Structures are given as structure tokens and as C-alpha cells.
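All remarks here apply to the structure that follows.
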Amino acid sequence: METPELEKIVVNHTKSQAIGQFLEWLQTEKNICFCITPEIHKALLYDDLNAGKMAEKQYYEAIEDIDKELKFTNTDFAYIPSPLDIEKTLAEYFGVDLDKAEKERQGLLDEIRAS
């Protein structure tokens, strides 16, 4: 069975581990928060809505919350803390499709069980 996604993970394991540990260190030891602008946050929410990851009502409530926060801070520009999913971020950086990798893992397990 060919496993191109799992091969990418193996090839990039050492680099990925180092970067992941550094990002985690920044967050936990140095209290560095990764942020996005409200416009980017709205775009990400819109992507989630279109992907079916969020109900339309949730989407509009989230947009309303962002707009209220901007009015409260009395500014046209602000940053919103963005929880960084290190695993997904590294997978994207190294060109790994995590869903495909999981299917490859399951395929390998099925082959082992069948033998």
C-alpha cells in the first residue's frame, strides 16, 4: 500500500518536532499569543460556515460579537487572539493532508489485521 502522506510525516518528523516544541514554548513559557485581525477572523468564520462546520446562527452571532468588541475598544483596528493548532499548522506547512494520513494509517492497520 502506498502511503504518501505518512511518508511526508516521516521525512519531516525531526523538523516538525523542533518547530512544534518551539511554538509550544512560545505559548506556555513566554505567554506569546498568536493573533489575527477582525477581518481575517470574519473570513475564517465564513469559511467554517461554508464548510458546514458552523451553523448560520452561530456565524452571525460570532460576527456580531466581533463588531461589539470593536465598538467597545473604540478602534477600527484590533487583534483577536487566535488559538494556534500546532499539529494542523505544521501539517499545512509540510504539505500533509491529515485526513488522508489517517486513512492511510487505517489502511495499514486493516492490511495487518487481514494478514
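Throughout, read-outs are computed from the coordinates displayed, never taken from laboratory work. Source: prediction; values computed, not measured. All Cβ positions, even for glycine, are placed from backbone atoms using ideal geometry, and neighbour counts span all protein chains on display.
Here is how the numbers come out for the structure above:
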{"quantity": "Cut-off under 5 Å, modelled amide H: who pairs with Ile36 long-range", "calculated": "Ile80, Ser82"}
{"quantity": "Candidate values [x] 64, 36, 19; [y] 46, 33, 23; [z] 41, 28, 28, label of the one derived for Cα extents along the principal axes in Å", "calculated": "[x]"}
{"quantity": "Those lysines that a straight Cα-Cα span of less than 26 Å connects to Lys68, excepting residues fewer than 8 apart in one chain", "calculated": "Lys42, Lys53, Lys57"}
{"quantity": "Ranked Arg113, Arg105, criterion: other C-beta atoms within 10 Å, fewest first", "calculated": "Arg113, Arg105"}
{"quantity": "Helix-only mean residue ellipticity at 222 nm for the chain, each DSSP H run of n ≥ 4 adding -39500 (n - 2.57), per residue, nearest 500", "calculated": "-22000 deg cm²/dmol"}
